[in-house]
Amino acid sequence: MPPIGIFGGTFDPIHFGHLRLAEEMAEAIGLSQVRFIPAGQPPHRGVPRTAATHRLEMVRRAIAGNPRFEVDAREVRRPDPSYTVDTLTVLRAELGNEQPLWLLLGADAFTGMPSWHQWRQLFTLANIAVAARPGAQLMRPDGLPEDLKHELSQRRVPDGSATGPAGSVLLQQMTALDISATRIRATLARQGSARYLLPDTVLDYIHQHQLYTST
Ligand code: ATP
């Protein structure tokens with residue numbers, strides 16, 4: 001059964017760092033599909049400044065044309081905050097216990113995992129693939145919180161092959177792209193150019209709807 005990738009984020013806006021992460025993970029692990037799941041109201045950060053409908057539409061435009069990529073609107077449709085553990089529980093029930101699942105995370109998100117709701121549960125629901133991100137100390141696990149370091153020592157696998165439905169952690173190098181949505185928003189707010197940091201189709205949408213015009 002080919003594995004499926006689950007990629008959550010605020011995507012405010014989606015950019016090439018996100019898209020390369022998904023593409024490189026799909027290739028490295030052999031994912032048949034990557035589901036992008038824009039967060040509705042992320043519990044761990046301020047309310048995203050852009051309406052969920054816009055963030056969803058930007059993801060749609062960004063992934064159009066990639067047959068492996070899909071968008072999943074379940075979190076943006078919910079009025080309440082969605083925890084990753086809840087979303088994965090529902091996906092697991094839909095897809096069955098045998099389906100290998102890979103939760104895709106950037107290194108900064110992985111480092112912060114011990115503050116997530118029921119974070120240890122996540123290992124029972126999915127495998128976790130962590131992408132190196134410029135600025136985040138991924139390949140030196142010494143810098144990780146103790147609890148997470150312990151989990152990693154038990155669960156780390158050298159590659160994505162021959163893993164079960166859940167429970168493994170893969171640390172994966174990816175092309176370093178020092179792009180962040182925060183910086184794109186700031187650039188757009190000062191009327192700077194964000195071209196080549198994100199797809200033109202997304203940038204057109206941003207201009208059309210006058211998103212990110214102020215900080
Ligand atoms: P913000 O700047 O608003 O915090 P962001 O650019 O970090 O946004 P998110 O939507 O918060 O984007 O990120 C979703 C996921 O993508 C997270 O797991 C994050 O670590 C990862 N990610 C984002 N940008 C990159 C990048 N340039 N390289 C690798 N991973 C990334």
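The values are calculated or read from the model by the stated rules, or taken from the named source; none is laboratory data. Because the structure is a prediction, the values reported are computed rather than measured. Here the Cβ is made from the backbone with ideal geometry for all residues, glycine too, and neighbour counts use every protein chain on show. Surface accessibility is based on the protein's heavy atoms, side chains included, excluding ligands, DNA and RNA. Shrake-Rupley method; radii C 1.70, N 1.55, O 1.52, S 1.80 Å.
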Fill in the blank from the handout: Rounded to the nearest Å, the spacing of the alpha-carbon centers of the stretch 67-130 and the stretch 158-175 is 15 Å
Practice task
Would you grab the residues whose amide H sits under 5 Å from the one on Gly9? Only those 5+ places off in sequence or on another chain, please, with H modelled 1.01 Å from N.
Solution key: Ile37, Ala39
Exercise for the section: Please work out how much length the chain gains when fully extended from Ala162 to His207, using 0.36 nm per residue of separation minus the C-alpha to C-alpha distance, in nm with one decimal. Expected result: 11.7 nm
Completion exercise
CD proxy, 222 nm, the chain: helix-only mean residue ellipticity via -39,500 (n - 2.57) per DSSP H run with n ≥ 4, per residue, nearest 500, stands at -10500 deg cm²/dmol
Practice task
Quote the charge dipole size of the stretch 4-176 about the Cα centre in Debye, to the nearest 20; the model charges only the Cβ of Lys and Arg (+1) and of Asp and Glu (-1).
Solution key: 300 debye
Practice task
For a label point 7 Å from the Cα of Gln99 along Cα→C-beta, name the residues of the stretch 1-41 whose backbone N is under 12 Å from it.
Solution key: 2-6, 32-35
Exercise for the section: On the protein heavy atoms, probe 1.4 angstrom, tell me the percent of accessible surface of the chain carried by carbon and sulfur. Expected result: 48 percent
Practice task
Report the percentage of all Cα-Cα pairs in the chain whose separation exceeds 30 Å, rounded to a whole percent.
Solution key: 19 percent
Completion exercise
If the label point sits 7 Å along Cα→Cβ of Glu57, residues of the stretch 175-215 with amide N under 14 Å come out as 201-212
Exercise for the section: Could you tell me which of Leu144, Thr124, Ala93 has its Cα farthest along the dipole of the chain towards the positive end, charges placed at Cβ (Lys, Arg +1; Asp, Glu -1), taken about the Cα centre? Expected result: Leu144
Handout entry: Candidates per trypsin sites (Lys or Arg not before Pro) in the stretch 108-195, loop by DSSP, up to 16 other Cβ within 10 Å
Key = Arg190
Fill in the blank from the handout: Long-range amide H partners of Ala126, meaning residues 5 or more apart or on another chain whose placed amide H is closer than 5 Å, are Gly167
Practice task
For the stretch 105-215, just say rounded, prolate or oblate: build the C-alpha gyration tensor, square-root its eigenvalues into a ≥ b ≥ c, call rounded for a/c under 1.5, and beyond that prolate if a/b exceeds b/c, oblate if not.
Solution key: prolate
Problem - Degrees, to the nearest 10: 84-95 long Cα axis against longest axis of the chain - result: 70 degrees
